[in-house]
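This report refers to the structure that appears directly beneath it.
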Amino acid sequence: MSYLAKAKELYSMIDQGQIMDAFEKFYHNDIEMIEATGEVRKGKDYNREFETKFMSSIQEMHGGGTDRITANEEDKTTMVSSWMDVTFKDGNRVKMEEVAVQYWQDDLIIKERFYYNPGPMM
């Protein structure tokens with residue numbers, strides 16, 4: 001299966017609300033996730049905890065989707081533009097847009113870097 005096909009399957013699962021199932025299926029145990037702020041999270045257990053905490057902070061999901069997916073098969077890299085419109089439990093409603101660059105090792109994502117506007121620095 002091509003890396004493009006893997007990324008499409010990953011984001012199809014996410015778009016269907018199967019976020020944690022997609023995480024378990026496509027992410028390496030040694031995953032390194034890098035936020036736009038530069039924060040680095042290493043390891044599947046740590047990132048699973050982060051994702052679970054993020055998902056539990058959402059009160060209502062108003063929509064979301066994937067705009068574009070592309071791949072460089074030779075470099076084992078995929079790039080995805082996606083968005084979600086959510087209301088958090090604190091009442092704050094946000095439309096988040098991001099680009100994720102994923103680096104694959106065999107069938108799993110070993111590194112993922114996110115690009116988005118993190119908002120004003122406090």
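What follows draws every value from the coordinates through simple rules; no lab data is involved. The structure displayed is predicted, hence computed values, not measured ones. So basically every Cβ, Gly included, is an ideal-geometry build from the backbone, and we count neighbours across all protein chains shown.
Side notes on the structure shown:
- Pairs of Lys residues in the range 15-122 that lie 8 or more places apart, or on two chains, and have C-alpha atoms under 26 angstrom apart add up to 17.
- Calculated FRET value between Val94 and Ala5, using beta carbons and R₀ = 35 Å, to 0.05: 0.70
- Given their separation in residues at 0.36 nm each and the Cα-Cα distance between them, Trp83 and Glu60 gain 6.8 nm when the chain is fully extended.
- Expressed to the nearest 5 percent, the antiparallel share of DSSP beta bridges inside the chain is 90 percent.
- Electrostatic dipole magnitude of the range 30-122 [Cβ: Lys, Arg +1; Asp, Glu -1; Cα centre; debye, to 20]: 340 debye
- Each principal axis of the Cα atoms in the range 1-71 has its own extent, and those three values, largest first, are 31, 28, 23 angstrom.
- For the range 3-115, with +1 on Lys and Arg beta carbons and -1 on Asp and Glu, the positive-most of His62, Asn47, Met33 along the dipole: His62
- Those GluC sites (Glu not before Pro) in the range 25-59 that DSSP places in a loop and that have at most 12 other beta carbons within 10 Å: Glu39
- Mean ellipticity per residue at 222 nm, deg cm²/dmol - from DSSP H runs of n ≥ 4 across the chain, formula -39500 (n - 2.57): -8500 deg cm²/dmol
- When only alpha carbons of the chain are considered, Rg and Dmax amount to 14.2, 44 Å.
- In the range 58-87, the GluC sites (Glu not before Pro) that fall in loop regions by DSSP, at most 14 other Cβ within 10 Å: Glu73, Glu74
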